[in-house]
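Since the structure comes first, as structure tokens, the remarks are kept for the end.
The values are calculated or read from the model by the stated rules, or taken from the named source; none is laboratory data. All values derive from a computational prediction rather than experimental measurement. Backbone-built Cβ (ideal geometry, glycine too); neighbour counts: all protein chains shown.
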Amino acid sequence: MNFIFISPAYPVTCTYFCDRLHRLGVNVLGIGDVPYDELNDQLKNSLTEYYYVDSLEEYDQVYRAAAFFIHKYGRIDWLESLNEYWLPADARLRTDFNIAVGTREDGIGKLVKKSSMKKVFLEAGIPTARQHIVTDLEAGRQFAATVGYPVIVKPDIGVGANGAMKLETEDDLVSFYDELPSVPYVMEEFLSGDICTYDAVIGQDCEP
């Protein structure tokens with residue numbers, strides 16, 4: 001099995017994934033922007049080969065790296081980064097190289113766009129904060145009048161809470177539209193409550 005691992009050096013926990021794949025006999029092919037000499041020894045020993053690129057932001061460089069591995073090792077079975085930031089690039093690579101496992105470009109929106117995620121929740125009957133895709137001030141006023149202040153605005157595509165703002169008054173709303181960001185934003189009603197997250201680590205036998 002050939003497994004391309006994008007950014008195997010970051011976060012450092014990726015080392016352990018590469019190590020376990022290697023122990024299972026998988027060809028782990030790394031593509032990253034950390035020089036090979038700076039990789040830790042465990043990671044070096046886990047990788048069949050490593051292809052250094054100047055920047056993972058440069059898709060053409062990453063594309064050429066993947067093409068090199070395919071030419072040398074044959075068809076790629078898996079491609080992952082384990083990093084939310086690289087999800088769109090991962091999907092594009094799977095699409096371009098016809099990698100069967102994992103999300104491709106036609107399905108990535110549900111994983112990275114808040115507006116698309118919202119549709120999935122609604123279709124499943126899961127209660128969720130009402131949302132409005134930001135367009136103009138009048139539409140924003142109408143939404144705020146419907147749900148009440150405060151409202152939350154945040155990038156439709158973004159990691160964590162980066163770029164999120166809480167608008168508590170009409171003046172805040174007007175100020176937001178006066179300096180409307182160039183990227184798509186969504187507006188949501190503000191909900192009060194406890195934030196809970198549930199994480200699980202599952203072994204190869206599908207047991208926690």
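A compact table of results
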{"quantity": "Residue identified as farther than 23 Å from Val112 by Cβ and aromatic (Phe, Trp, Tyr) among Tyr149, Tyr185", "calculated": "Tyr149"}
{"quantity": "Region 148-171 - residue that is within 13 Å of Val186 (Cβ to Cβ) and not in a loop (DSSP other than H, G, I, E, B) and, of those, farthest from the chain's Cα centre (by Cα)", "calculated": "Leu167"}
{"quantity": "Contacts under 7 angstrom Cβ, first residue in region 124-142 being over 13 Å from Leu173 (Cβ atoms), partner of a type in the set (Gly, Ala, Ser), 6 or more apart", "calculated": "Gln131/Ser115; Ile133/Ser115"}
{"quantity": "Residue tally, condition of a type outside the set (D, E, K, R), in contact with a helix residue (DSSP H, G or I) (Cβ under 8 Å, 6 or more places away or on another chain) and farther than 21 Å from Val201 by Cβ, over region 10-58", "calculated": "15"}
{"quantity": "Options Val183, Val101, Val159; residue that is aliphatic (A, V, I, L, M), free of Cβ contacts under 8 Å to residues at least 60 places away in the same chain and outside the structural domain of Ile76 (by TED's automatic domain parsing)", "calculated": "Val183"}
{"quantity": "Failed item, numbered, when Thr128 is tested on (1) loosely packed, with under 14 Cβ neighbours inside 10 Å; (2) modelled with pLDDT under 95; (3) of a type in the set (Val, Ile, Thr)", "calculated": "(1)"}
{"quantity": "Within region 54-77, tally of residues that are buried (at least 18 other Cβ atoms within 10 Å of the Cβ) and outside any helix (DSSP H, G or I)", "calculated": "2"}
